[in-house]
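Just below is one structure, and these are the notes that go with it.
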Amino acid sequence: MDAKEIQAAVAHQAAVAAATETPWINPRDPARALGPDGRPAVSRRAPIYEDVPDEKWNDWRWQLSNRVNSLEEVAAVLNLTDEEKEGLSAPDKFRVDITPYFISLIDPDDPADPIRRQVIPVGREQQAFTAMMEDSLAEDRHSPVPGLVHRYPDRVLMLVTTQCASYCRYCTRSRIVGDPTQNFNSKEHEAQLDYLRRTPQVRDVLISGGDGLTLAPKLFERILRGLREIPHIEIIRIGSRVPVFLPQRIDDELCAMLEQYHPLWINLHFNHPNEITPEVSRAVDKLTRAGLPVGNQSVLLAGVNDCVHIQRSLVHKLVENRIRPYYLYQCDLVEGSGHFRTPVGKGLEIMEGLRGHTSGYAVPTYVIDAPGGGGKIPVMPNYLISYSDHKVVLRNYEGYITTYEEPETYQRHDQASCRYCLAQRPEPGQSGVLGLLEGERLWIEPAGFEQTHQRGNVEAHRLQDPSKWVPFGVGAIEGRAGAPLKVLEASNGASEPAARTPDYGPGEEPRPRDGEPTASAHGELL
């Protein structure tokens, strides 16, 4: 046997061995999750849909054609309360349409189910509230052509349809969304594109609606191609809740079409961890493999996600699926949303419980979309001018001053019955000043660094030196990491006492010398 024959035999044996090995499956990848039967995991189906064949259930067109919307159809799936029956019976209610997949995720016996509250109307929707508006963001006032909102200098919102896969009860555009008589057609799409061709300062287009992914595939692609033929359009973004309501829509054909039109981004809309199912994980995996960066925009909703532990679980589940939490919106002052509204302080409380307590890329930006068309305003010191018990005064990037009216009533989140609150993870050292006052230590001692064995070195690891782990700047606190902290006295570097700091009146303090840190750099100005 010559050398070539030996090489061929070895290669054959390697190929046979590779073929017989069981392929490794990443147990951490949610898009590869398996069910008890060893097949790809699936979410529950309502009993009424148990006999639907899989080929129909997984067909997005079947899902759209079989949405439930009437009192009788919803009652066949859920045990309705009197208030829900009132909401479903209201003659002038905002449109109801729920895909069989999405309604199956609802606990039929729990009126407080977070998915249920988002899509099932209640009688309270009809109640007016202070500062309620039909077009709270003044989009119509910023529309140079129908369906195109040009509020910011270099980017526009392009509304391509008024139809959605399902309808959120707090919808910002409920004045037009869901109304087939106000839909946008090809003629209006062309008028939108023509405006963009004549407006070179626009470099970023957000496609929304309604939901563009509910359009016929060829029509949606025609819009994308029209945008890509405009030289100064750099970025195209898609805002969609279709992967949440209808993950079956994200198929290989759609993704193959989308990846032709990069740079393309997509923002989804998850409000609660229960919405992230195995089907959603596989749909998002397809989008990311097609090269689309995926973000998420949540709305802060009373009774749905007004809890820091729910929000933390949500953002962790999002990043596990390679979805970047982008915005946490304060609920808009739109008709029908009064019972969903929370105080701005609730949003600040949630942000306080996220920032520093989890990864920075898992923390969204908390924003208020300014009433009257001022745009998205981050709720942070530079933009939050004042905050009273009934009104928040804000400044946008242009210096425009606007106000957000606080809700007159707010039913606080019930921590005693919330499974996320009851199962919150322990976080030593994460309770801030309150923990310090209660005697909790605010540092973590090293563990697992017994010795260093690199290159024969058997000396104790440097991190075992307690002096490296004594927390400074906390005062004379007894710590387990070492001896009690010393109270350092001011010194000028010599043996004599430090010079007395002169007393200055308000506003008389001298500016620091070049290179010296300011008080805010020391964290003295919070």
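The values are calculated or read from the model by the stated rules, or taken from the named source; none is laboratory data. What you are looking at is a predicted structure, and each value in this text was computed from that prediction instead of being measured. Cβ placement follows ideal geometry from the backbone for every residue including glycine, while neighbour counts extend to all protein chains displayed.
List of remarks:
- Failed condition for VAL145, given (1) of a type in the set (A, V, I, L, M); (2) in the same structural domain as ARG249 (by TED's automatic domain parsing); (3) out of contact with any helix residue (DSSP H, G or I) (no Cβ under 9 Å at 6 or more places or on another chain); (4) surrounded by fewer than 18 Cβ atoms within 10 Å (Cβ to Cβ): (3)
- Single unsatisfied condition, ASN271 versus (1) assigned to a loop (DSSP other than H, G, I, E, B); (2) within 16 Å of the chain's Cα centre (by Cα); (3) closer than 30 Å to ILE230 by Cα: (3)
- If you go through region 12-45 and keep only what is in a helix (DSSP H, G or I) and at pLDDT below 80, you end up with ALA14, ALA15, VAL16, ALA17, ALA18, ALA19, THR20.
- Residue count for region 372-392 under the criterion of being surrounded by 14 or more Cβ atoms within 10 Å (Cβ to Cβ) and under 16 Å from THR342 (Cα atoms): the result is 4.
- Criterion applied to ASP59, ASP54 was being surrounded by 10 or more Cβ atoms within 10 Å (Cβ to Cβ), at pLDDT 95 or above and farther than 30 Å from SER89 by Cβ, and the one residue passing it is ASP59.
One line per residue, one yes/no per condition, for (1) under 18 Å from LEU268 (Cβ atoms); (2) modelled with pLDDT of 95 or more; (3) touching a helix residue (DSSP H, G or I) at 6+ places or on another chain (Cβ under 6 Å):
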site	(1), (2), (3)
PRO180	no, no, no
GLU190	no, yes, no
ARG203	no, yes, no
GLY210	yes, no, no
ARG228	no, yes, yes
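- Of the residues making up region 165-206, those that are closer than 21 Å to PRO153 by Cα and assigned to a loop (DSSP other than H, G, I, E, B) number 6.
- Residue list for region 215-263, filter: over 15 Å from THR288 (Cβ atoms), touching a strand residue (DSSP E or B) at 6+ places or on another chain (Cβ under 8 Å), among the β-branched types (Val, Ile, Thr) and outside any helix (DSSP H, G or I): ILE233, ILE235, ILE236
- Counted residues, region 318-354 - those being over 16 Å from the mean Cα position of the chain (by Cα), surrounded by fewer than 24 Cβ atoms within 10 Å (Cβ to Cβ), part of a helix (DSSP H, G or I) and in contact (Cβ under 8 Å) with a residue 60 or more places away in the chain: 4
- Test: residue in region 277-288 that is in a loop (DSSP other than H, G, I, E, B) and among the acidic types (Asp, Glu): no
- Qualifying positions in region 402-416 - free of Cβ contacts under 8 Å to residues at least 12 places away in the same chain and hydroxyl-bearing (Ser, Thr, Tyr): THR409
- Taking first residues from region 174-194 that are farther than 19 Å from LEU206 by Cβ and outside the structural domain of LYS93 (by TED's automatic domain parsing) and partners that are among the basic types (Lys, Arg) and buried (at least 18 other Cβ atoms within 10 Å of the Cβ), the Cβ contacts under 9 Å between residues at least 6 apart in sequence or on separate chains come to GLN182/ARG175.
- Any chance ILE115 is surrounded by 14 or more Cβ atoms within 10 Å (Cβ to Cβ) and in a loop (DSSP other than H, G, I, E, B): no
- Some residue of region 253-272 being buried (at least 22 other Cβ atoms within 10 Å of the Cβ) and farther than 27 Å from HIS413 by Cα: yes
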